[in-house]
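**Q** This is the structure I want to talk about, given as structure tokens.
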Amino acid sequence: MKKVLYAFALLLLISACGDGITENTMTVSGTVKGLKKGTLYLQHIPDSVLVVVDSLEIKGDGSFQFQTELESPEIFYLYLNKKDNNDLNDRISFFGEPGNITINTSWNTFDTNAEISGSETHKKLEEYRKHMTRVNKRNLEILQQGYNSETPLDSLQLDSLQRKSDRNTQRGYLFAINFAINNKDSYIAPYIAISEIANANVKYLDSINNSLTPEVADSKYGRLLKEHITEIKN
């Protein structure tokens, strides 16, 4: 009986290895509705240059699937070359992590109506972006107050608008810092610190870095954050 169980376990192991799927495998699949012809690329930035991980030629069917091994969760891009000589609205960014991630979108609104599921870190990213969109919208409203005025604003009025903008920007910084600290066990924390508020006071970056769980601190963005803080202090 033991020999039978051993053989069965060995068979399962061989099968899993044959599929090439490990605990670090990320599978990205989905559909681009309405896409009849084009090329999809899975991309990321391992260092400082955008690199193509894999590509797929689409002919008549908008479904796709990519698989890749991850060192740790990080930002990936799904880029669609529509072959229409227009590079606008052709790239979807998402936080990749091991497991199955589904991305469904449409050909004509590729990056604006994408539905992404399967990544817990991406959920956190969407939550963060939603709040920051409100901050950026408020800054735009303040800017428009100056441009849309029927009469030129004097220096006091311009200074008042600038103070409003500065306070709003500061609120955005404080939100980013608190969001990162409150999500210390998520890979989103060091990503926000290094990509959104890298020029913040080092004491805040230190607070984020010191709050990270060991696993997150040892991730790609965790290591980058630590290196960034070291460079600032030196």
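The values are calculated or read from the model by the stated rules, or taken from the named source; none is laboratory data. Keep in mind that what you see is a predicted model, and the values were worked out from it rather than measured. We place every Cβ from the backbone using ideal geometry, glycine too, and count neighbours over all the protein chains shown. Please note that ligands, DNA and RNA were not included when accessible areas were found on the heavy atoms of the full protein model with its side chains. Shrake-Rupley method; radii C 1.70, N 1.55, O 1.52, S 1.80 Å.
**Q** Counting only protein chains, not ligands or nucleic acids, how are SER155, SER93 ordered by accessible area (probe 1.4 Å), most first?
**A** Sorted by accessible area, descending: SER155, SER93.
**Q** Another question about this same structure. Share of the chain's accessible area from carbon and sulfur, percent, 1.4 Å?
**A** 51 percent
**Q** If you scale each eigenvalue of the Cα gyration tensor by 5 and take the root, what three semi-axes come out for segment 119-219, rounded to whole angstrom and sorted largest first?
**A** Each semi-axis is the square root of five times an eigenvalue, giving 34, 15, 7 Å.
**Q** Also, I was wondering about something else. Quantify how much of the Cα-Cα distance distribution of segment 186-234 extends past 18 Å, in percent.
**A** Of all Cα-Cα pairs in segment 186-234, 13 percent lie more than 18 Å apart.
**Q** Kirkwood Rh, segment 127-180, all Cα pairs: how many Å?
**A** One decimal place: 12.1 Å for the Kirkwood radius.
**Q** Given the whole protein assembly as supplied and a 1.4 Å probe, what does the accessible area of PHE179 come to in Å², nearest 10?
**A** Rounded to the nearest 10, the figure is 10 Å².
**Q** How large is the accessible surface of LYS164 in square angstrom, using a 1.4 angstrom probe and rounding to the nearest 10?
**A** Near enough 70 Å² of accessible area.
**Q** Determine the dipole magnitude for the chain: charges of +1 sit on the beta-carbon of Lys and Arg, -1 on that of Asp and Glu, nothing else is charged, the reference point is the Cα centre, and the result goes in debye to the nearest 20.
**A** That gives a dipole near 400 debye.
**Q** Here's something else I'd like to know. Using a 1.4 Å probe and counting only protein heavy atoms, arrange LYS123, LYS220 so the residue with the most accessible area comes first.
**A** From most accessible down to least: LYS123, LYS220.
**Q** Let me ask something else about it. Using only the heavy atoms of the protein chains and a 1.4 Å probe, how would ASP47, ASP159, ASP185 rank by accessible area, largest first?
**A** The residues order as ASP47, ASP185, ASP159, largest area first.
**Q** With a probe of 1.4 Å, find how much accessible area the chain has per residue, and write the answer as a whole number in Å².
**A** About 62 Å² of surface per residue is accessible.
**Q** Further, regarding this structure: Per the Cauchy relation, a quarter of the hull surface: what is the mean projected area of the convex hull of the alpha carbons in the chain, in nm²?
**A** With the hull built on Cα positions only, its mean projection is 19.2 nm².
**Q** How much length is gained on full extension from LYS33 to SER160, taking 0.36 nm per residue of separation minus their Cα-Cα distance?
**A** 40.9 nm
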